[in-house]
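Here is the structure we will look at, set down as structure tokens.
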Amino acid sequence: MSRIEQLIGEIEEYIDSCKFQPLSNTKILVNKEELEELLVELRLRIPDEIKKYQKIISNQDAILNDARTQADAMLAEATAQTNELVNEHEIMQKAYASANQIVEEAQMQAQAIIDSAVEEANSIRQGSINYTDDMLKSLQAIITHSMEGAQGRFDAFISSMQSSYDIVTSNRNELAGSISTGEEEAAPAEEA
């Protein structure tokens with residue numbers, strides 16, 4: 001922003017800050033000295049700005065020639081870079097082809113390593129399953145043997161208990177017979 005534009009902005013701000021005359025919405029009271037100072041500075045600045053713009057206009061041809069020269073130089077440089085890029089493009093295509101081949105070989109090697117690892121993991125898994133099954137089979141045999149031994153001892157115990165029970169039952173039956181006979185003998189004596 002030029003100093004002239006700044007001064008015009010300051011004058012507008014000054015006018016906006018002034019108070020209205022009593023009973024008026026359009027007329028304002030201004031400080032004459034302050035406004036004159038701003039206008040004097042504006043008048044002093046205008047010739048400098050005009051001279052600057054006149055100098056730019058008079059140098060227009062020189063500026064345009066300089067711009068054309070720079071544009072031609074930039075165009076020549078761009079053409080050279082384009083030619084260089086075309087040559088580099090062929091080299092880049094070869095590099096990309098080589099890189100793609102290397103990537104493809106690396107992917108094949110990686111896939112082979114993964115396949116080998118999966119196969120080894122499956123083998124280890126199967127071995128673990130077989131080992132666990134063998135351990136469970138041994139444990140099953142031990143439990144079966146223990147159950148058979150316990151069943152034999154339990155059967156012997158039950159047989160012994162049954163035998164004792166039978167003896168007790170037999171003894172009670174004998175006693176019951178004796179009690180009945182004794183009561184019958186005691187009853188006729190009481191009647192007499």
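The values are calculated or read from the model by the stated rules, or taken from the named source; none is laboratory data. The model shown is predicted, which means the values in this text are computed figures rather than measured ones. Positions of Cβ are generated from backbone atoms using ideal geometry, with glycine treated the same way; all protein chains shown enter the neighbour counts. Side chains are part of the model used for accessible areas, which takes the heavy atoms of the whole protein and leaves out ligands, DNA and RNA. Shrake-Rupley method; radii C 1.70, N 1.55, O 1.52, S 1.80 Å.
Across the stretch 1-101, counting alpha-carbon atoms alone, Rg and Dmax equal 30.1, 91 Å.
Computed over protein heavy atoms with a 1.4 Å probe, the accessible surface of the stretch 1-59 works out to 86 Å² per residue.
With all pairs of different C-alpha atoms in the average, the Kirkwood value for the hydrodynamic radius of the chain is 33.2 Å.
Computed FRET efficiency, Cβ-Cβ of Ile11 and Thr69, R0 41 Å: what is it to the nearest 0.05? In this case the efficiency is close to 0.40.
Each Lys and Arg adds +1 at its Cβ and each Asp and Glu adds -1 at its Cβ; summed about the Cα centre, the chain shows a dipole of about 1600 debye. Pairs of Cα atoms nearer than 8 Å and 6+ residues apart set the relative contact order; for the chain it is 11 percent. In the assembled protein chains, Lys94 presents an accessible area of approximately 150 Å² (probe radius 1.4 Å). The accessible surface of the chain, taken with every protein chain in place and a 1.4 Å probe, is 58 percent carbon and sulfur. Approximating the spin labels as points 7 Å out from Cα along Cα→Cβ, the Ala141-to-Ile28 distance works out to 11.3 nm. Along its first, second and third principal axes, ordered by size, the stretch 106-151 spans 66, 7, 5 Å in Cα coordinates. With all protein chains kept in place, the per residue accessible area of the stretch 64-181 amounts to 88 square angstrom at a probe of 1.4 angstrom.
Model label points for Arg153 and Gln21, set 7 angstrom from Cα along the Cα-to-Cβ axis, are 13.0 nm apart. Count Lys and Arg as plus one, Asp and Glu as minus one, and take only other residues whose Cβ is under 13 Å from that of Asn31; the net charge is then -2.
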